[in-house]
1. Collect the residues in the range 108-135 that are of a type in the set (Ser, Thr, Tyr) and assigned to a strand (DSSP E or B), keeping them in residue-number order.
2. Tally up the residues in the range 87-131 that are farther than 20 Å from Ser72 by Cα, small (Gly, Ala, Ser) and within 22 Å of the chain's Cα centre (by Cα), please.
3. What are the pairs, 6+ residues apart or on separate chains, where a residue within the range 56-81 that is within 16 Å of Leu37 (Cα to Cα) has its Cβ under 6 Å from a residue that is among the acidic types (Asp, Glu) and surrounded by 15 or more Cβ atoms within 10 Å (Cβ to Cβ)?
4. What is the residue count in the range 44-86 for residues that are over 14 Å from the mean Cα position of the chain (by Cα) and either closer than 30 Å to Ser125 by Cα or surrounded by fewer than 12 Cβ atoms within 10 Å (Cβ to Cβ) (or both)?
5. If I filter the range 109-138 down to residues being farther than 15 Å from Val71 by Cα and among the hydroxyl-bearing types (Ser, Thr, Tyr), which single residue comes out as surrounded by the most Cβ atoms within 10 Å (Cβ to Cβ)?
6. Looking at the range 6-59, which of the residues that are modelled with pLDDT of 80 or more and among the small types (Gly, Ala, Ser) is nearest to Gly108 (Cα to Cα)?
7. Going by the conditions given, is Leu141 of a type in the set (A, V, I, L, M), surrounded by 12 or more Cβ atoms within 10 Å (Cβ to Cβ) and in a strand (DSSP E or B)?
8. Considering only the range 65-107, state which residues are outside any strand (DSSP E or B) and either among the polar types (S, T, N, Q) or over 30 Å from Arg128 (Cα atoms) (or both).
Amino acid sequence: MLLWACCACAKARPVLLEDGDLAQVRGADGISFAMRLELNQPGADGVALDSRLYIAHEVQGKTTYTVFKNVSGVVQMVGLSLSAKTSAGGQEYMAIGLPAMTRFTGFGFESLSVQADPQAPVTNSLGRFSLDGEMRMTGQLRLWSH
């Protein structure tokens, strides 16, 4: 009998709410996100791509480029939240909860250089950056509109 009741509820159709009724709907704890971002990971064939991220700078009519070669890695975040809140003074704000856990796997770039041509081979690298590890955070970022 209980199984039949659960199945009957699962077949219930969505109910259209009027604007006034919809405005009364509240999420108790807001929305929580989990994310996995993979940047420039090798394809199914195992071959890594040669990618570049560059920023142009123009000084006295001469353009140079800061080039980050092969930006890649994996970033995982768990517990990133978004909530609509009301302060003690009655002002509404958006509370963005910092992710409880962030994990970096091979996140970074192969080389950093400054060049006249962003597509030219890197000849003088200023270094590389690689981040592997996990960090935990607590707190909120609060945003008000004016």
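The values are calculated or read from the model by the stated rules, or taken from the named source; none is laboratory data. Treat the numbers as computed from the prediction; the structure is a model and nothing was measured. Cβ: placed from backbone, ideal geometry, glycine included. Neighbour counts: every protein chain shown.
1. Ser111, Ser113, Ser130
2. Qualifying residue count for the region: 3.
3. Asn70/Glu110
4. Of the residues in the range 44-86, 30 are over 14 Å from the mean Cα position of the chain (by Cα) and either closer than 30 Å to Ser125 by Cα or surrounded by fewer than 12 Cβ atoms within 10 Å (Cβ to Cβ) (or both).
5. Looking at the filtered set, the residue picked out is Thr138.
6. Ser51
7. Judged against the criteria, Leu141 is not a match.
8. If the condition is that a residue be outside any strand (DSSP E or B) and either among the polar types (S, T, N, Q) or over 30 Å from Arg128 (Cα atoms) (or both), then Asn70, Ser87, Ala88, Gly89, Gly90, Gln91 are the ones that fit.
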